[in-house]
Amino acid sequence: MNKNVVDLDDQMLADFRDEAHDIINSIDVHLQNARGKADPIHLTAIQREVFNLRYKGKSVAAPLINLTSHRLADYVTTCKELNEGAIEDIQAFVDKIQTLLDGDMTAGGTDTAEFVRELPSKRTPDIDPNWLKQTNVEALLVIPQRSMAVIVERELAACGYRSSVTQTSFEAIELAVRTRPDFIIVAKTIDELSGIDLANALQAMPKTRNIPTAVLTSDAPNHPSLQDLPCRTAIIRKGNSFGEDLAEALARFNIT
């Protein structure tokens, strides 16, 4: 490889390290302020900083930091208030990112699937978070509509399952490979790739072909648009059949 290219990569990584340190320090300050006084402005500021970190991380080879910042962004997006539990969870994310920044950011040889399962789970109102720790079953949701994702997440949380959300098909492929979830639920309509495309892509790759996958749709199971689904893919219908279809899919996947 051209030495100039290597030098540029190293410089970009060094610049990201400095910028990420500044962002993490800023989040730390907001957490400390939130401990002293409850104010929604602190959560808004933290959300802004987290998404800034995610944006900057996409340009460098720092997979564990990017996975952690994705989980943190997913967490703060659904966070409604900075109560004591939320503050401690966000602090755990921050401490993990700080450790990565101070060490080898490429983290070669690390089992990324085990790594992400050690991160804090999102808290769902009226759902005991200890259930999530006991089951340690993880779902990846590929659902662009935040409102629909929240509904699915709540149903899964009631079963004691962890979940993470992405809105894009291309990021879903990366997350499926790196985090190896126990099952995946994809919306039929996503972006350039449909849920049918994504299910076929996951089925075709050796690293993901054994991950159970379900498609979330408004269509009937025999609808022509679903005919290209891999035969092992479950179908979960929106509306009145949602709960029953979800339970049937989990039973079919032997998710307990």
Go through region 182-195 and give me each residue that's in contact with a Pro (Cβ under 9 Å, 6 or more places away or on another chain) and over 16 Å from Glu155 (Cβ atoms). Thr189, Ile190, Asp191
Top-ranked residue of region 29-48 - restricted to ones that are under 22 Å from the mean Cα position of the chain (by Cα) and not aliphatic (A, V, I, L, M), ranked as most open to solvent (accessible area, probe 1.4 Å): Arg48
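Give the residue, chosen from Phe115, Phe51, Phe93, that is under 17 Å from the mean Cα position of the chain (by Cα) and open to solvent by 70 Å² or more (accessible area, probe 1.4 Å). Don't jump to the end; show me each part of the working.
Numbers: Phe115 fails: open to solvent by 70 Å² or more (accessible area, probe 1.4 Å); Phe93 fails: open to solvent by 70 Å² or more (accessible area, probe 1.4 Å).
Being under 17 Å from the mean Cα position of the chain (by Cα) and open to solvent by 70 Å² or more (accessible area, probe 1.4 Å) holds for just one of Phe115, Phe51, Phe93, which is Phe51.
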Tell me, please, whether a residue that is under 18 Å from Ala92 (Cα atoms) and assigned to a helix (DSSP H, G or I) can be found in region 2-20. yes
Go through (1) part of a strand (DSSP E or B); (2) open to solvent by 40 Å² or more (accessible area, probe 1.4 Å) for Val165 and report which single condition fails. (2)
If I go through region 226-241 residue by residue, how many of them are within 18 Å of Leu198 (Cβ to Cβ) and without any contact (Cβ under 8 Å) to a residue 12 or more places away in the chain? 2
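The values are calculated or read from the model by the stated rules, or taken from the named source; none is laboratory data. Just so it is clear, the structure is predicted and the values come from calculations on it, not from any experiment. Note that we place each Cβ from the backbone using ideal geometry, even for glycine, and neighbour counts take in every protein chain shown. Remember, those area values only see protein heavy atoms, side chains included, never the ligands or the DNA or RNA. Shrake-Rupley method; radii C 1.70, N 1.55, O 1.52, S 1.80 Å.
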